[in-house]
């Protein structure tokens, strides 16, 4: 048998959640951010992940540059030895 009160119950929960969020004050974005944090979905976490990945990539690029610089120096030394 269908629950005819389901619509009213869902509406009641939505209204109560909206009332709680309104009590928090702030802008709509602030309330949205609070709600996302409460649910465990945060754009901050995504930005932290991206930042961490960027640091890893940056570190790898620095290592590649150092390796290429060393290869260039070794190649220059070998070329100089061949000319002698």
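State the dimensionless ratio Rg/Rh of region 1-41 (Rg: radius of gyration of Cα atoms; Rh: Kirkwood radius). Walk me through the intermediate numbers first.
Details: Rg = 13.3 Å, Rh = 11.6 Å.
That ratio is 1.15, to two decimals.
So what's the angle, to the nearest 10 degrees on a 0 to 90 scale, between helix 43-83 and the longest Cα principal axis of the chain?
Helix 43-83 and the main axis of the chain meet at about 10 degrees.
Project the alpha carbons of the chain onto their principal axes and report the range along each, largest first, in whole Å.
Principal extents (largest minus smallest coordinate, Cα): 95, 38, 13 Å.
To test your reading of the geometry: what angle, between 0 and 90 degrees and rounded to tens, separates the Cα axis of helix 6-24 from the longest principal axis of the chain?
Helix 6-24 sits at roughly 60 degrees to that axis.
How far, in degrees from 0 to 90, does helix 28-39 lean away from the longest principal axis of the Cα atoms of the chain, to the nearest 10?
Value to nearest ten degrees: 80.
At 222 nm, what value in deg cm²/dmol follows for the chain if DSSP H runs of at least 4 each add -39500 (n - 2.57) and the sum is divided by all its residues, to the nearest 500? Mind dumping the intermediate values first?
Numbers: 3 runs with 72 residues, N = 84.
It comes out at -30000 deg cm²/dmol, rounded to the nearest 500.
Quick one: what do you get for region 43-84 if you divide its Cα Rg by 2.2 N^0.38 Å?
2.00
Read the figures in this text as sums done on the coordinates, not as results from a lab. Model, not experiment: these values are computed from the prediction.
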